[in-house]
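Report on the structure given below.
Readers should treat all values here as calculations from the given coordinates under stated rules, not as data from a laboratory. All of these numbers come straight from a predicted model, not from anything done at the bench. Quick reminder, even Gly has a Cβ in these numbers, built from the backbone with ideal geometry, and neighbours come from all protein chains shown.
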Amino acid sequence: MGFTSMSKVPEVNLPFWVIKILATTVGETAADLLNQKLGLGLPKTTVVMAALLVGSLTVQFRLPSYRPSSYWLVVVFISVVGTLITDNLTDGLGISLVQSTIAFLVALLITFLLWFKYEGSISIHTITTARREAWYWLAILFTFALGTAAGDLLAEKLELGYLLSAALFFAVIGIVALGRFKLGLQPVLGFWLAYILTRPLGASVGDLLCQPRDLGGLGLGTVPVTIAFLLVIAFVVRLTRPDQVKQA
């Protein structure tokens, strides 16, 4: 399956989490920008972004090791596609956010179980083959779709609002971090819990910044927020080095 000797994912450090949260926010704002502001509509936007995701993944799979620009471009595209999948189910097919949240959670758990069954580990530090990388990106896609559904469920369906939802997810991430570094939470479990939770955090922040004031947002608009976040992502990625994770 195309074995390589180097990891295909970056070192998990502060820049990793900063870019990840920024990318999740862009996933929310860019999807709304393309769908609503540019008037492409959900079906066309989904097709365009899915094609871009496939193209970026093709490049990513061909690389022998981690490359910051390629890796994070995939993350941005997969963030947008994950948002669009949830939006299509909710707005296009009328599936409730409760149902989509449960469905994506089940899909993610099944992905983890199968990944562990065939590879013996779901640690991102073992992404050194094409098959493991395929499991990895599939799991990432479901985390983004799940996070979008869960974020919208709390903020809109349960009417907690974007600010309170963001604060809630941030607090839970803090609890996970406390468990990881102070209470001995298993590292792989801690990573994936944090990764999943940063998606609804980013989605809630994106909606908070972009949604009109009468809907509980700050009304900054999807265009300036998306551009600003993409520029920051590009700047932080530029500062990172293609360091490889050395721990198993």
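Side notes on the structure shown:
- Across segment 14-239, the relative contact order, built from alpha-carbon pairs under 8 Å that are at least six residues apart, equals 28 percent.
- Relative to the dominant Cα principal axis of the chain, helix 97-119 is inclined by about 10°.
- For segment 1-131, the Kirkwood radius over C-alpha pairs fed into Stokes-Einstein at 25 °C and 0.890 mPa s yields D = 150 µm² per second.
- For segment 14-113, the relative contact order works out to 34 percent when only alpha carbon pairs closer than 8 Å and six or more residues apart are counted.
- Annotation for segment 143-248: trypsin sites (Lys or Arg not before Pro) lying in DSSP loop with at most 12 further Cβ atoms inside 10 Å of their Cβ are LYS182, LYS246.
- Distance between modelled label sites at GLU159 and ILE227, nm, 7 Å Cα→Cβ extension: 3.7 nm
- Count, lysine Cα pairs under 29 Å in the chain, 8 or more residues apart or across chains: 14
- For the chain, a simple Cβ point-charge model (Lys and Arg +1, Asp and Glu -1, everything else neutral) yields a dipole of about 840 debye relative to the Cα centre.
- Per-residue ellipticity at 222 nm, computed for the chain from helices alone with -39500 (n - 2.57) per DSSP H run of at least four residues, works out to -23500 deg cm²/dmol.
- Gyration tensor (Cα) of segment 65-179, equivalent ellipsoid semi-axes in angstrom: 26, 17, 15
- Highest-fluctuation residue, PHE104, PHE61, PHE116 considered, GNM on the chain with Cα pairs under 10 Å: PHE116
- Largest to smallest principal axis extent of the C-alpha atoms in segment 47-124, angstrom: 42, 33, 15
- Cα-only radius of gyration and Dmax that characterise the chain, units Å: 17.4, 53
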